[in-house]
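Everything on this sheet refers to the single structure shown next.
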Amino acid sequence: STRVRTLFPYTTLFRSHTPPPPEAEDAEIDMDGITDRMDWLVSRTLADGWFEARVLPQLHVLIWGNKRGV
C-alpha cells in the first residue's frame, strides 16, 4: 500500500471485498456474510495504514444479489 501511494500520490485508493461464489444464481443474499466481510475489510484497511482509502461493498451484490446480466 505504501508503494502504491508513493507511485500514484494523487490517485484515490479503493478497497472492496469480493463475495464468495453463489451456490445458485437465485440464492438469497447473505447480508450477514457481507456485513462481516465489510467489517473485516475496514479493520484490515486501518491496520494496513490505508487511512485515505475508500472502502466499499460490492454494491451490485447488495442490489441484485447473484442475478446475472443485470
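Compute the distance in nm between two label points, each set 7 Å from the Cα along the Cα-to-Cβ direction, one at L46 and one at W64.
Spacing of the two 7 Å Cα→Cβ label points: 3.3 nm.
Which far-off residues, 5 or more places away or on another chain, put their amide H under 5 Å from the one on Q58, with H placed in the peptide plane?
Amide H neighbours of Q58: H17.
Readers should treat all values here as calculations from the given coordinates under stated rules, not as data from a laboratory. Please read these numbers as outputs of a predicted model, since none were measured by experiment. We place every Cβ from the backbone using ideal geometry, glycine too, and count neighbours over all the protein chains shown.
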